[in-house]
Every structure is written in C-alpha cells, then in structure tokens.
Amino acid sequence: MSDKAAAFLKGGGGCLIGFIVFGLFCVLIGGSMHIDAGGAICLFVCGGLIGLLVLFIYNKGKGDASDTDQNDSRGPY
C-alpha cells in the first residue's frame, strides 16, 4: 500500500473513531448520537483529506530538512 493510501485510510478511520468516542461520551452524559451512511462516508472522506494534507506537510518538511543538511558545509558547529 502506498503512503498516500495509508494516510487516507488512517485519517478517515481516525475521524470515524474520534466521532464514535465523542458520541459515546455524549451518550454517557445523557445526550444522543446518530449518524447515517452518508454522514459516515463524508466524515471518512474529510478525515482522509486531512490525512493527505498532514502527509504532504510532513514530506515537504522532511525534504526541506534534507536539503538544508546537504547544503550546510560549515560542519556541526
């Protein structure tokens, strides 16, 4: 599985799990929780897009850090 697919699945799954945890907390304090299939799909897609954004930022930072290390010829001090 590619990094992008893994990031999308982790982000989407993380959002769904976060919704379930938050919903169960609300149920425990006396509220209610409801989600239909369309809402779950939208939540999964939004979480997946956030996961892809985080992966992009991480890879951009990693690339910038390696460029800085290669161009720094002064040594560690």
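Derivation of every value follows stated rules applied to the coordinates shown; laboratory data play no part. Note that the coordinates shown come from a computational prediction; the quantities given were computed from them, not determined experimentally. Backbone-built Cβ (ideal geometry, glycine too); neighbour counts: all protein chains shown.
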15 Å reach of a label modelled at LEU53, 7 Å along Cα-to-Cβ, counting backbone N of the stretch 12-45: 12, 15, 43-45
Helix-only estimate, please: 222 nm mean residue ellipticity of the chain, summing -39500 (n - 2.57) across DSSP H runs of length 4 or more and dividing by its residues, to the nearest 500. -28500 deg cm²/dmol
Contact order relative to length for the chain, counting C-alpha pairs under 8 Å separated by 6 or more residues, stands in percent at 44 percent
Given a 10 angstrom Cα cut-off, can you work out which residue in CYS26, CYS46, CYS15 is the most mobile in a GNM of the chain? CYS26
note: the chain, Cα-Cα separations exceeding 20 Å make up a percent value of 52 percent
Rounded to whole Hz and in sequence order, give me ³J(HN,Hα) for the stretch 3-16 from the Karplus expression 6.51 cos²θ - 1.76 cosθ + 1.60, θ = phi - 60°, writing x for Gly and Pro. 4, 5, 5, 5, 5, 5, 5, 5, x, x, x, x, 5, 5
